There are 2 protein chains.
Amino acid sequence: MKASLPQGVRDFLPAQVHRRQYMFDVIKSVFTRFGYEPIETPVIENLSTLTGKYGEEGDRLLFKILNNGDFLAKVDQSILTKKNSKSLLPKISKRGMRYDLTVPFARFVSMHLHELPIPFKRYQIQPVWRADRPQKGRFREFYQCDVDVVGSDALVYEAELLQIYDQVFDQLGLQVKIQVNHRQILQGLIQKLDLAQDNKLITTMDKLDKIGLEGVLLELTKQEYGQQQIDLIRAYLRSSTLSEVRELLPETSAIQGIEELEEIFGYLENYTKQNQILFTPGLARGLDYYTGFIVEINDPKAEMSSLGGGGRYANLTEVFGVKNMSGVGVSFGAERIYQLMDERALFPQNLSNTIRCIILYDIPQAQSTVFDLLSTLRTAGIPSVMYPEAAKFKKQFKYAERIQVPYAIVIGQSELDSGLYTLKDLNGGTQQSLEALSIIDTLKNEIIR
Amino acid sequence: MKASLPQGVRDFLPAQVHRRQYMFDVIKSVFTRFGYEPIETPVIENLSTLTGKYGEEGDRLLFKILNNGDFLAKVDQSILTKKNSKSLLPKISKRGMRYDLTVPFARFVSMHLHELPIPFKRYQIQPVWRADRPQKGRFREFYQCDVDVVGSDALVYEAELLQIYDQVFDQLGLQVKIQVNHRQILQGLIQKLDLAQDNKLITTMDKLDKIGLEGVLLELTKQEYGQQQIDLIRAYLRSSTLSEVRELLPETSAIQGIEELEEIFGYLENYTKQNQILFTPGLARGLDYYTGFIVEINDPKAEMSSLGGGGRYANLTEVFGVKNMSGVGVSFGAERIYQLMDERALFPQNLSNTIRCIILYDIPQAQSTVFDLLSTLRTAGIPSVMYPEAAKFKKQFKYAERIQVPYAIVIGQSELDSGLYTLKDLNGGTQQSLEALSIIDTLKNEIIR
């Protein structure tokens, strides 16, 4: 039997785990500084919680878990005879795998409402599963990383989430564009255009990044928008300031959106930004549940899709019977950020090797000396290993190279006799003859340095 | 719709996440010191990898994932007509959820053999899923924590794994009994008793903790063991040193086991143990794949089952076609350890509140001053929040209490006018009037202290 993995899922080797951990640690440290606390939800959720929350495509891409035991026992024979997967599904599966972190968070807040301080500030970094067609950079099991505050409509939270984006990407070494808009402004445009609510304007505008302004306008023309409407949309998409938009959309709900963005930008007036924060009238963000401020992160140099996004939602927990829990949150596209950092070599170099020292020896009678020295190194806090048996040094140095350890202590007969061991810098190539205690001091200083 | 969770799975609130993180960080820091590196494997594995590896019960308790799309499309109508869950299962499910960390590790080593240094030292801390009947302290989604080295049969690894157990439990504040035995010793006993290989001796002996020596002997009598055999087993189970057992089982394979344990204990002669490491002839450990050294952790004060265990296995990866990969590893019963630490209040007290400071204010015109001060606190590395709007102080102090923040900065009209803010120690009750910079210095010192 050949070892194999299902499509779209991955093993992580130590160097990858260290790099991913580094990325998540940077993100977490910023979240912590801003007073957000971690929560975790289970991978397995009831399908009743998940189904219908992600649209038809989502329902299709949800991983469903087969009921345990004799799952067919209570199924009506007539359903089986019809061979209809859709009608059989609810009979043989009542649980599914986490599809995102938003719905579980809404479920969590609804269930634990009385245990939580309100406003409740939380972050959550956990994997999710989607039965998407696997392709380059797209996985079926991948991490999401969300930060949200619920239970308040204060706009200071929008401002601090923008600061979080600014500081996380700065610390990761990525220069990004932070694009901001407001659903009420888009609403005002729709109002001004005198369109029905179920128009395709927002989904079409969402393609702005891919097909450009003229592409969007062309598509809209095909959708039978009139010339006057197209002209207004062009003027709207070309504007770059809140006051331009205010002039285009007077006496519409856009005014409220504009005022909210002004308040948010106002909070950041004295804040030294590391990245551009840009009002972007064309930013739409497809998701239905946003009701106010929206934001999206793009890498100006990459052709990749966004590195994150978010916004305010008025009614996240309503579906679970908890009303009036306005919230705002953003998420980090962890897998894309990782990929970009990897391509641009933005990870610190020393991340792959936590092991600092290896002891090599070629005489079996040194074994207990080696073991004791190893214990001493570890007690001193120096991550160390020994080659597991006396062997030819050439073989042992090969192993040392393989595990990328920076220092080796070499013990042969003369070292064993004299108690002076050879400490070899495997990167620099230098070596010195030292007593055990001096070796420990030297290595401890290395770690601190 | 009421928010709900499936049976046997849990949400973790911030205080729990922090405590679990603390426990895992202690464990990881010891693993790191001993030169073990982290790996991660996916939750979703092929059922071909998982099935048949955990016995019949395991196959039953595995969570299976339904194939996506029209999963019945290619199923033979005759299978559906029979309404037989067992024969339908492989037609509609080809993937399952991780059931333990051992089989995925064997699969991992087999797949990545040429990318790994051999011997390969790894640890893995990830959740697993079992459709067990949920009960107190037993979950369907729970963490396992394994540390293994494969590709060497050197006994120094057994010795260092004992040190790891010793140091982890010491650092967590738990005093444990580390019980050690060897499969070859048990083999020698079976040989001496002249039993067939498929006898029930080991499974019966595994009940020693629960039913005691006389209970085990009684069960064996019922299994038609003769008096002479019972006498030998009694003498064996009553012995407490390797030399006693050596005398009981001469010229059997026990001798090799005894010599190996002597070598392992020899390495630890100069090591200062924090916990008892005991040769325990009655320790059997049910799992089939152990072939040498075995170990189990018990809490002397608790009636709970073991806190961990492990041993050497000669052929972990053989099923995936990779031979001669002897390994040894141990695991930590993370959920039980957590429960015990929680009951005994062994977690540091300051784990629930990462937030150090909250700014309270009752006049709307202070809002931008508050926001700027908040930014300054955060930039200085002090995890801080503000109450989201000007409100009655009583309400704000209630929130401060709820989030367990130790310091509050209070800003009213007079503070706004003077630039001297009130810093209140919410635990001690004292307060001082300070400039922003002095507040930051004070809080920074608090964090370091």
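Residues of segment A:342-371 with amide nitrogen under 11 Å from the 7 Å Cα-to-Cβ point of B:His112?
Within reach of a label on B:His112, which here means backbone N under 11 Å from a point 7 Å along Cα→Cβ, segment A:342-371 contributes nothing.
What percent does the relative contact order of segment B:1-152 come to when contacts are Cα pairs within less than 8 Å and at least six residues apart?
So the answer I get is 30 percent.
Compute the accessible area of each residue in segment B:150-175 twice, once for its chain alone and once with every protein chain present, using a 1.4 Å probe on heavy atoms, and list those whose area falls by at least 50 Å².
By number: B:Val156.
Enter the angle in degrees (range 0 to 90, nearest 10) between the Cα long axis of helix A:227-238 and the first principal axis of the Cα atoms of chain A, meaning the one along which they spread out most.
In chain A, helix A:227-238 runs at an angle near 30 degrees to the longest axis.
Pull out the extension gain between B:Lys200 and B:Asn315, defined as 0.36 nm times the separation in residues minus the alpha carbon to alpha carbon distance; nm, one decimal.
39.1 nm
Using amide H atoms built 1.01 Å from N in the peptide plane, name the residues 5+ places from A:Gly308, or on other chains, whose amide H lies under 5 Å from its own.
Sorted by chain and number, the residues that satisfy this are A:Ile297, A:Gly333.
Suppose a student asked you for the relative contact order of chain B, using Cα pairs under 8 Å spaced at least 6 residues apart; what percent would you report?
Values: 697 pairs, mean separation 64.6, N = 449.
Worked out over chain B, it gives 14 percent.
If I take R0 = 45 Å and measure r between the Cβ atoms of B:Glu214 and B:Lys2 in this structure, what FRET efficiency does the formula 1/(1 + (r/R0)^6) give, to the nearest 0.05?
Working from the Cβ atoms, E equals 0.30.
Tell me, what is the 1.4 Å probe accessible area of B:Thr379, in Å² to the nearest 10?
Solvent-accessible area, nearest 10 Å²: 110 Å².
Pick from A:Val147, A:Val128, A:Val75: which residue has the top mean-square fluctuation in a GNM of chain A where Cα pairs under 10 Å get a spring?
It is A:Val75.
How far is it, in nm, from the label point at B:Asp417 to the one at A:Glu262 when both lie 7 Å from their Cα along the line to the Cβ?
Simple spin-label model gives 3.0 nm for this pair.
Pairs of Cα atoms under 8 Å, at least six residues apart: use those to get the relative contact order of segment B:292-418, whole percent.
Dividing the mean separation by the residue count of segment B:292-418 yields 21 percent.
Over the Cα atoms of segment A:357-448, Rg to Rh with Kirkwood Rh, two decimal places? Before the final figure, lay out each step's value.
Details: Rg = 11.8 Å, Rh = 12.9 Å.
That ratio is 0.92, to two decimals.
Could you work out how far apart the two model spin labels at B:Ser48 and B:Ser29 are, taking each label as a point 7 Å from the Cα in the direction of the beta carbon, and quote it in nm?
With each label placed 7 Å out from Cα toward Cβ, I get 4.5 nm.
Under the rule of at least 5 residues apart or a separate chain, name every residue whose amide H is placed under 5 Å from the amide H of B:Met386.
HN-HN under 5 Å from B:Met386: B:Ile359.
What list of ³J(HN,Hα) couplings, whole Hz, do you get for segment B:161-170 from phi and the Karplus terms 6.51, -1.76, 1.60, once you set θ to phi - 60° and write x for glycine and proline?
Each residue of segment B:161-170 in turn: 5, 5, 5, 4, 4, 4, 6, 4, 5, 4 Hz.
Would you mind giving the total buried accessible surface between chains A and B, with a 1.4 Å probe and ligands, DNA and RNA left out, rounded to the nearest 100 Å²? Don't skip to the end; give the middle numbers.
Values: alone 24050 and 24020 Å², together 38930 Å².
Approximately 9100 Å² gets buried when A meets B.
What accessible area per residue comes out for chain A, rounded to a whole number of Å², with a 1.4 Å probe? Don't jump to the answer; show the numbers that get you there.
Working: 19480 Å² over 449 residues.
With all protein chains present, chain A gives 43 Å² per residue.
Calculate, for A:Thr379 and A:Glu224, the FRET efficiency according to 1/(1 + (r/R0)^6) with r their C-beta to C-beta distance and R0 60 Å; round to the nearest 0.05.
Efficiency, from the Cβ-Cβ distance: 0.20.
Once the Cα atoms of the protein assembly as shown are picked out, what are the Rg and Dmax in Å?
Considering the protein assembly as shown through its Cα atoms, Rg and Dmax are 31.4, 104 Å.
Mind grabbing the accessible area of A:Lys323 for me, 1.4 Å probe, Å², rounded to tens?
For A:Lys323, solvent-accessible area is about 140 Å².
How far is helix A:183-193 tilted, in degrees, relative to the longest principal axis of the Cα atoms in chain A, given as a value from 0 to 90 rounded to the nearest 10?
Result, in degrees: 30.
Thinking of chain B as a set of Cα atoms, what percent of all their pairs are more than 44 Å apart?
Tail fraction, whole percent: 32.
Based on alpha-carbon centroids, what's the gap between segment A:270-302 and segment A:303-333 in Å, whole number please?
14
Distance from the Cα centre of segment B:348-370 to that of segment A:178-222, in angstrom?
Taking the Cα centre of each part, segment B:348-370 and segment A:178-222 sit 40 Å apart.
Taking Cα atoms, how many degrees apart are the long axis of helix B:367-379 and the longest axis of chain B, rounded to 10 and kept between 0 and 90?
Computed tilt is about 40 degrees.
Antiparallel versus total DSSP beta bridges in chain A: what percent is that, nearest 5?
Percent antiparallel among DSSP bridges in chain A is about 75.
Residue by residue through segment B:412-419, what is 3J(HN,Hα) from phi via Karplus (6.51 cos²θ - 1.76 cosθ + 1.60, θ = phi - 60°)? Round to whole Hz and write x for glycine and proline.
Working through the residues one at a time gives x, 4, 5, 5, 4, 5, 8, x Hz.
Would you kindly work out, in nm and rounded to one decimal, the distances from the label point of B:Gln175 to those of the same position in each other copy, ordered shortest first, with label points 7 Å along Cα-to-Cβ?
Going from nearest to farthest copy, the values are 6.2 nm.
Hey, what do the phi angles of segment A:291-298 turn into as Karplus ³J(HN,Hα) couplings, whole Hz, using 6.51/-1.76/1.60 and θ = phi - 60°, x for Gly and Pro?
Rounded to whole hertz, the list is 10, x, 3, 10, 8, 8, 9, 10.
With bins 10 Å wide starting at 0, give me the P(r) of segment B:2-133 over every alpha carbon pair, in whole percents.
Per 10 Å bin, starting at 0, the Cα pair percentages come out as 10, 28, 32, 21, 8, 2.
In a Gaussian network model over chain A where Cα atoms closer than 10 Å are linked, find which of A:Tyr421, A:Tyr338, A:Tyr290 has the largest mean-square fluctuation.
A:Tyr421
Net charge near B:Gln163: determine it from the other residues with C-beta under 12 Å of the C-beta of B:Gln163, scoring Lys and Arg +1 and Asp and Glu -1.
Residues close to B:Gln163 contribute a combined charge of -2.
Restricting to DSSP H runs of at least four residues, report the calculated mean residue ellipticity at 222 nm for chain B, -39500 (n - 2.57) per run over all residues, nearest 500 deg cm²/dmol.
After summing the helix terms and dividing by the residues of chain B, the value is -12500 deg cm²/dmol.
Near the amide H of A:Leu278, under 5 Å away, which other amide H atoms are found, from residues 5 or more places off or on another chain, if H is placed in the peptide plane?
A:Ile178, A:Gln179, A:Val180
What trypsin sites (Lys or Arg not before Pro) does segment A:1-58 have in DSSP loop regions with at most 10 other beta carbons within 10 Å?
Details: sites: A:Lys2, A:Arg10, A:Arg19, A:Arg20, A:Lys28, A:Arg33, A:Lys53; in loops: A:Lys2, A:Arg10, A:Lys53.
In loop regions of segment A:1-58 (DSSP not H, G, I, E or B), the sparsely surrounded trypsin sites (Lys or Arg not before Pro) are A:Lys2.
Computing the accessible area with a 1.4 Å probe over protein heavy atoms, can you report the carbon and sulfur percentage for chain A?
Looking at chain A in its full context, I get 47 percent from C and S.
Need one number: nm distance between label points at A:Asn427 and B:Gln175, each 7 Å from Cα along Cα→Cβ, rounded to one decimal.
4.5
Using 0.36 nm per residue of separation minus the Cα-Cα distance, give me the extension gain between B:Asn270 and B:Arg138 in nm, one decimal. Provide the component values of the computation, followed by the final result.
Details: separation 132, 0.36 × 132 = 47.52 nm, distance 3.92 nm.
Taking 0.36 nm per residue and subtracting the Cα distance, the gain is 43.6 nm.
The values are calculated or read from the model by the stated rules, or taken from the named source; none is laboratory data. Since this is a predicted model, take the numbers as computed values, not measurements. So basically every Cβ, Gly included, is an ideal-geometry build from the backbone, and we count neighbours across all protein chains shown. Side chains are part of the model used for accessible areas, which takes the heavy atoms of the whole protein and leaves out ligands, DNA and RNA. Shrake-Rupley method; radii C 1.70, N 1.55, O 1.52, S 1.80 Å.
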